[in-house]
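What follows draws every value from the coordinates through simple rules; no lab data is involved. In this text the structure is predicted, and so the values were computed from the model without any measurement. Reconstructed Cβ throughout: ideal geometry from the backbone, glycine too, with neighbour counts over all protein chains shown.
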Amino acid sequence: MNSKSNLDFNEVINRHNTNSVKYDAAAKMGKPSNLIPLWVADMDFKAPKEVIDAMKERSEHGIFGYTDAISESYFNAVQNWMIKHHQWTPQKEWLVMTPSIVNAICVAIRTLTEVGDSIIVQQPVYHPFAESILTNQRNLVVNPLVYTDGTYQIDFEDFERKIVENQVKMFILCNPHNPVGRVWSKEDLTKLGDLCVKHDVIVVADEIHADFVYEDFGNKHVVFSDLKPEYLNRTITCTAPSKSFNLAGLQQSNIFIANEVIRENFKKELVRMGLGNPNVMGFVACQAAYEHGESWLKALKAYLVENIRFIEGFLEEKLPEVKLIRPQGTYLLWLDFSALGLTPAELNSFIAEKAGLWLNSGTMFGVGGEGFQRMNITYPKSTLEKALNQLYNAVRMRVANT
Ligand SMILES: Cc1ncc(COP(=O)(O)O)c(C=O)c1O
């Protein structure tokens, strides 16, 4: 039953020779091939069986021509998912498809700001935010998150001051937040939203991790644009099934833009970039996932909660030098290694060479990333056990030798 529904998350699946960036690009990225790769945010689990079946059925049709008509059934699947899981009712005319969220962020930047304009982000944050801003020759403004008492808070005064000082035009919100794992509260989002309205700042709300909010730890995702009509009117809400159902390689994102002028300009920029044609299988997989993937996702989240509890227990008991910032959302853990007293470069080599792990270096996420590493936990528990034991041995060896 479990394996038929792809609910056996303990199964170790060989992903080599699938053109996987995680498993097949080590040499290209200058990494030894024997590291346990717990970095890039895709999962080592099979997608729900219903998604695979729907793709098989579609492939039997045999014709894979241009696919750019959003059917009622596709839209209903997306909308019903949002209503049921996030109590949000996006409208069909708001929907624009893009091949990825990062692509949507770049299109938003190019549509709604000019070269040299300032865009604010809350680092440490998903690194392509900064890359997208800089590569489009905009000015990166950082409102650093504040790390206190083992969690992260927003400095709202700094946020407003930086907006005013830099005449910020756009804010890229990450909610739930990668890598620090915060799920921003209604109060946090309202404070941010009111400041954006006050200073006429457009918001790109990246909510790709919305389905990974841990209710078991008392958290709930709030859709930013749904809080007030004036937020909706200035927000580009980025959603996708790619994280939730492990479909990133299919490149299907559903971007919702209620403001018609913004939406039409966004669409024109997509065409200018030659990105007008979505992926035929992306449609199929997205619809099947939202129609039939609920119980798979529920089982997966329960498995991930166990993984988090296991890692938390292991660190507390055996590796007190490494502190887990307990996530409210996302499947990415933010680990504080500062007690080891290593520079960022030393920490990176320690993780790779001594612990045999491939994690994301904290510094890649910008200000506040020093001393941290990001660990993906969407693996069978046996893989995480092996990884933690390797880390344990490396830390014990280091502590013994210093
Ligand atoms: C916050 C955030 N946004 C976007 C993405 C990437 O989305 P896509 O593959 O659709 O560009 C990720 C992937 O990890 C992410 O964490």
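For the stretch 64-98, which positions are in contact with a Pro (Cβ under 7 Å, 6 or more places away or on another chain) and within 16 Å of the ligand (Cβ to nearest atom)? It would help to see each step written out before you state the result.
Initial filter on the stretch 64-98 (in contact with a Pro (Cβ under 7 Å, 6 or more places away or on another chain)): 67-68, 79, 82, 97.
M97 - this is the single residue of the stretch 64-98 that is in contact with a Pro (Cβ under 7 Å, 6 or more places away or on another chain) and within 16 Å of the ligand (Cβ to nearest atom).
Only one of these conditions is not met by E264: (1) touching a Ser or Thr at 6+ places or on another chain (Cβ under 7 Å); (2) of a type outside the set (V, I, T); (3) under 16 Å from A104 (Cβ atoms). Which number is it?
(1)
Which of the residues that make up the stretch 326-368 are in a loop (DSSP other than H, G, I, E, B) and surrounded by 19 or more Cβ atoms within 10 Å (Cβ to Cβ)? Don't jump to the end; show me each part of the working.
First, the residues of the stretch 326-368 that are in a loop (DSSP other than H, G, I, E, B): 326-328, 330-331, 337, 341-343, 355-356, 359, 366-368.
Once the filter is applied, which keeps residues that are in a loop (DSSP other than H, G, I, E, B) and surrounded by 19 or more Cβ atoms within 10 Å (Cβ to Cβ), the stretch 326-368 yields P327, Q328, T330, Y331, F337, A355, L359, G366, G368.
Give me a count of the residues in the stretch 133-155 that are assigned to a strand (DSSP E or B), surrounded by fewer than 19 Cβ atoms within 10 Å (Cβ to Cβ) and without any contact (Cβ under 8 Å) to a residue 60 or more places away in the chain.
Residues in the stretch 133-155 being assigned to a strand (DSSP E or B), surrounded by fewer than 19 Cβ atoms within 10 Å (Cβ to Cβ) and without any contact (Cβ under 8 Å) to a residue 60 or more places away in the chain: 5 in total.
Would you check if T239 is within 16 Å of the ligand (Cβ to nearest atom) and either β-branched (V, I, T) or without any contact (Cβ under 8 Å) to a residue 12 or more places away in the chain (or both)?
On the way: within 16 Å of the ligand (Cβ to nearest atom): yes; either β-branched (V, I, T) or without any contact (Cβ under 8 Å) to a residue 12 or more places away in the chain (or both): yes.
The answer is yes for T239.
Please pick out the residue among A130, A104, A69, A108 that is touching a residue at least 40 places away in the same chain (Cβ under 8 Å), among the small types (G, A, S) and over 16 Å from E269 (Cα atoms). Show your work before the answer.
Values: A104 fails: over 16 Å from E269 (Cα atoms); A69 fails: touching a residue at least 40 places away in the same chain (Cβ under 8 Å); A108 fails: over 16 Å from E269 (Cα atoms).
Unique residue meeting the criteria: A130.
I need every pair where a residue in the stretch 7-25 that is farther than 20 Å from Y303 by Cα has its Cβ under 6 Å from the Cβ of a residue that is assigned to a loop (DSSP other than H, G, I, E, B), sequence separation at least 6 or different chains.
These pairs meet every condition: V21/V40; K22/V40; Y23/R15; Y23/H16.
Can you pull out the helices (runs of 4 or more DSSP H) entirely within the stretch 188-300 that have at least 3 residues that are surrounded by 21 or more Cβ atoms within 10 Å (Cβ to Cβ)? Can you show your working first?
Details: elements: 229-232, 260-272, 280-292.
Of the helices (runs of 4 or more DSSP H) lying wholly inside the stretch 188-300, those with at least 3 residues that are surrounded by 21 or more Cβ atoms within 10 Å (Cβ to Cβ) span 280-292.
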